[in-house]
Structures are given as C-alpha cells and as structure tokens.
Amino acid sequence: MARRAAAVALDMKAQNVVIVDLRSRSTYADFLVIASGTSDRHVQAVAESVEVTLKREHVSIVGAEGAREGQWALLDLGGVVVHVFHQFARDLYDLESLYDKAPRTRISADAPVVAAKARQQLS
C-alpha cells in the first residue's frame, strides 16, 4: 500500500517522494510515505488524489487532515501514514530525521521504471 500511495503521489507530480520503513522502529505505522508539493494547491491535489484513488481501490482511510490549509496533509491508512508537505513545511518539520536510520526508498520522476514497477506491484 505504501508503494501504491507513493506511485499515485508521483503521478500527480509530487517531488522528493520517499517511503520510510518503520516496521522495526515504530508502533503507530509500518511505513511513512513523505512527498512534497510545490504550492498549497499542489499539496491539496496530491493528497486528494491519493485518498480518492486508494478509496476507489477499497483501501480504508482511517483519517485525513490538513489538506484544506495546503501546508501539510496527512492520510492515515492504518499501517501506512502519508504526509504531503509544502517544501518549506517539510524542511521545518524534518520528519525524515526522526527516523534517519530507518530504511528508505526514494521514488522520483527521474526514475520512471521504479514508479512503474511500484504501480505494477500494487495494481
């Protein structure tokens, strides 16, 4: 589900998409998906697309907040938490540094093969 959420974010032109593996480091989630938007509206659009796409694929959304403001949107998918930040908010909160030793996978527009593979695995 983390790879699928990341692939949808990438399809919406999110930047710096990262999946952080928390399985041995946290009790609140197995994975974080962290992505950046280039504007308030872009953050909203990325978060909305992930939510709508995953709901359509019968994934339960446990909670969603922050999208209206456009600085930081959070989607709780149970074992996966998706954060979509405006870049300056991402730099400010720096969630990645909280889990700097956790394994992570970067997915970028420069690596379409990785994004396509993530979509295929979870489609």
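Rule-based calculations on the coordinates, nothing more; no lab input. Computed from a predicted model, the values in this text were never measured in an experiment. Glycine also receives a Cβ, built like all others from the backbone with ideal geometry; neighbour counts cover every protein chain displayed.
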Take S24 and I61, extend 7 Å from each Cα along the Cα→Cβ direction, and tell me the distance between the two endpoints in nm.
3.4
So in the chain, what percent of DSSP beta bridges are antiparallel if you round to the nearest 5?
70
Run the dipole for the chain about the Cα centre, Lys and Arg Cβ at +1, Asp and Glu Cβ at -1, nothing else charged, and hand back the magnitude in debye, nearest 20.
420
Compare the Cα positions of T38, I107, Q15 along the charge dipole of the chain (+1 at Cβ of Lys, Arg; -1 at Cβ of Asp, Glu; about the Cα centre) and return the one farthest towards the positive end.
I107
Relative contact order for the chain: what is it in percent, counting Cα pairs under 8 Å that are at least 6 residues apart?
32
